[in-house]
1. Being out of contact with any strand residue (DSSP E or B) (no Cβ under 7 Å at 6 or more places or on another chain) and more than 16 Å from residue 97 (Cβ to Cβ), is that true of even one residue in the range 4-19?
2. Limited to the range 79-95, what total is found for residues that are farther than 21 Å from residue 31 by Cβ and either touching a residue at least 60 places away in the same chain (Cβ under 8 Å) or assigned to a helix (DSSP H, G or I) (or both)?
3. Could you tell me whether any residue of the range 8-31 is touching a Ser or Thr at 6+ places or on another chain (Cβ under 6 Å), buried (at least 18 other Cβ atoms within 10 Å of the Cβ) and touching a residue at least 40 places away in the same chain (Cβ under 8 Å)?
4. Inside the range 34-44, can you point out the residues that are over 11 Å from residue 80 (Cα atoms) and surrounded by 14 or more Cβ atoms within 10 Å (Cβ to Cβ)?
5. Could you tell me which residue of the range 96-106 is surrounded by the most Cβ atoms within 10 Å (Cβ to Cβ), considering only residues that are farther than 12 Å from residue 49 by Cα and either in contact (Cβ under 8 Å) with a residue 24 or more places away in the chain or under 16 Å from the mean Cα position of the chain (by Cα) (or both)?
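Only the coordinates and a few stated rules stand behind these numbers; no lab work does. All values derive from a computational prediction rather than experimental measurement. So basically every Cβ, Gly included, is an ideal-geometry build from the backbone, and we count neighbours across all protein chains shown.
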Amino acid sequence: MRAAGAAFEQRARAELERAGLKLLASNYTTRHGELDLVMLDRDTVAFVEVRYRVRAGHGDALASVTRGKRDKLIRTAQLWLAAHPQHAHRACRFDVVSYDGPAADARMEWLRGAFEAG
């Protein structure tokens, strides 16, 4: 499943770059968690969680971003900003890019500002 996740992260990155966002980091990992993509959307840093679900038996991909997952993403984003002070002044948001269904047919859904820190 790790390979599928990486493939969907690449797919999401390409779509977001086509939409004008610029990649700042990918797979930024700390002991608190991982940020799939860190993108610059004009003057806003977007921390992007990429999710893929073949079946919606336990909810769709978007629903899989639980409160615990959100907390980890927020903490990891704070660490990323501390490590990259040149971006600390920028507005930030948390986006979720989700894909549901069979890989070949999975359509992207991009929820900007999917949740707030705090």
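1. No, the conditions are met nowhere in the range 4-19.
2. Residues that pass the stated criteria total 2.
3. Of the range 8-31, the ones touching a Ser or Thr at 6+ places or on another chain (Cβ under 6 Å) are 30.
Remaining after also requiring buried (at least 18 other Cβ atoms within 10 Å of the Cβ): none.
No: the range 8-31 contains no residue that is touching a Ser or Thr at 6+ places or on another chain (Cβ under 6 Å), buried (at least 18 other Cβ atoms within 10 Å of the Cβ) and touching a residue at least 40 places away in the same chain (Cβ under 8 Å).
4. The first filter runs over the range 34-44 and keeps only residues over 11 Å from residue 80 (Cα atoms), leaving 36-37, 39-44.
Correct list: 36, 37, 39, 40, 41, 44.
5. 100
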